[in-house]
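Just below is one structure, and these are the notes that go with it.
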Amino acid sequence: MRLLGIAGSLRKESWNLKLLLAAAELVPEDVEFEVWDGLKAVPPYDEDDDGLPAPPPVAKLRAAIARADAVLVATPEYNSSFPGQLKNALDWASRPFATNPLRFKPVAVVGASTGAFGAVWAQAELRKVLSAIGARVIEGDVALRHAPERFDEHARLVDEDVREQLEEVVSELVEAAMPRVAVAA
Ligand SMILES: Cc1cc2nc3c(=O)[nH]c(=O)nc-3n(C[C@H](O)[C@H](O)[C@H](O)COP(=O)(O)O)c2cc1C
């Protein structure tokens, strides 16, 4: 099984990227975790450019999502929502709707902020958008508040409660991505 991690921040020292990397440490041994690092390269969405072949950064994004069994998104909060560049990437990923790689895909959303709320509004908006795109958004969440206090100088997550919540989200995501076997009576 393969999980794809997407951080909604472009910052090198992003707390959300650190949260994603902490999640990567928590996946079961037989699960591969790939962090997508192409967000900055995604061009502005333009329906006139949305044909075949897709712009290369968009083709890479769609392929990365398609080959993943599930996706974990860690989002910052910008002005009470999630960042525009992440929305832009999701708009590209959502087309064409009927065959978009997020459709029916299990997706979990977590978030980190430097303030007291842990990007909860951004997460809510992101869940709404992912649902509209057709993803199977799972319920578990992590709202990591006061981010600089939760990591040590090696960027390791040192808050045990948050680690447990993250582990729960990861296992819920892995469970949601398990192939279902129908047993005939
Ligand atoms: C343009 C902008 C808008 C922001 N708006 C909010 C906000 O509405 N609520 C909040 O809690 N933090 C807000 N912040 C603070 C970010 O949540 C904080 O900088 C966070 O660390 C960014 O995530 P990152 O570390 O992954 O880059 C904002 C930051 C920026 C740059």
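Only the coordinates and a few stated rules stand behind these numbers; no lab work does. As the structure is a prediction and not an experimental result, all values here were calculated from the model. With ideal geometry, Cβ positions are generated from the backbone for all residues, glycine too; neighbour counts draw on all protein chains shown.
Nothing charged except the Cβ atoms of Lys and Arg (+1) and of Asp and Glu (-1): what's the magnitude of the dipole of the chain about its Cα centre? Round to the nearest 20 debye. Mind showing how you got there, number by number?
Values: 20 positive and 29 negative charges, 117 e Å.
So the magnitude is around 560 debye.
For the pairs K60/K87; K18/K128; K105/K128; K18/K60, flag any whose C-alpha to C-alpha distance is greater than 19 Å.
K18/K128; K18/K60
In whole Hz, with x marking every Gly and Pro, tabulate ³J(HN,Hα) for region 117-122 from phi via Karplus 6.51 cos²θ - 1.76 cosθ + 1.60, θ = phi - 60°.
Running phi through 6.51 cos²θ - 1.76 cosθ + 1.60 with θ = phi - 60° gives 10, x, 6, 5, 6, 4 Hz.
Give me log10 I(q)/I(0) at q = 0.11, 0.16, 0.19 Å⁻¹ for the chain, Debye formula, one equal scatterer per alpha-carbon, no solvent.
Those come out to -0.45, -0.94, -1.31, one per q.
In straight Cα distance, which aspartates and glutamates are under 14 Å from K12, not counting same-chain residues fewer than 8 positions off?
D37
Taking the Cα centroid of region 1-76 and of region 110-142, what is the distance between the two, rounded to the nearest whole Å?
15 Å
Counting only C-alpha contacts under 8 Å and six or more residues apart, can you give the relative contact order of the chain as a whole percent?
The normalised contact order for the chain reaches 23 percent.
Mind checking which of A59, A22, L72 is farthest towards the positive end of the chain's charge dipole, using Cβ charges of +1 (Lys, Arg) and -1 (Asp, Glu) about the Cα centre?
A59
Once the piece of chain linking D37 and E153 is laid out straight, how much longer is it, given 0.36 nm per residue of separation minus the C-alpha distance between them?
My answer for the length gained is 39.5 nm.
Read phi for every residue in region 166-179 and hand back ³J(HN,Hα) as whole Hz from Karplus 6.51 cos²θ - 1.76 cosθ + 1.60, θ = phi - 60°, with x for Gly and Pro.
5, 4, 5, 5, 4, 6, 5, 5, 4, 4, 5, 8, 5, x
Counting only residues 5 or more places away or on other chains, whose amide H sits under 5 Å from the amide H of A119 once H atoms are built in the peptide plane?
The list, which skips near neighbours in sequence, is S113.
Determine the dipole magnitude for region 89-147: charges of +1 sit on the beta-carbon of Lys and Arg, -1 on that of Asp and Glu, nothing else is charged, the reference point is the Cα centre, and the result goes in debye to the nearest 20.
160 debye
Could you list which residues have their amide H under 5 Å from that of V137, counting only those 5 or more apart in sequence or on another chain, with H placed in the peptide plane?
V107
Could you derive backbone 3J(HN,Hα) for region 33-44 from the dihedral phi with the Karplus parameters 6.51, -1.76 and 1.60 (θ = phi - 60°), listing whole Hz in sequence and x where the residue is Gly or Pro?
10, 10, 9, 7, 10, x, 4, 5, 7, 6, x, x
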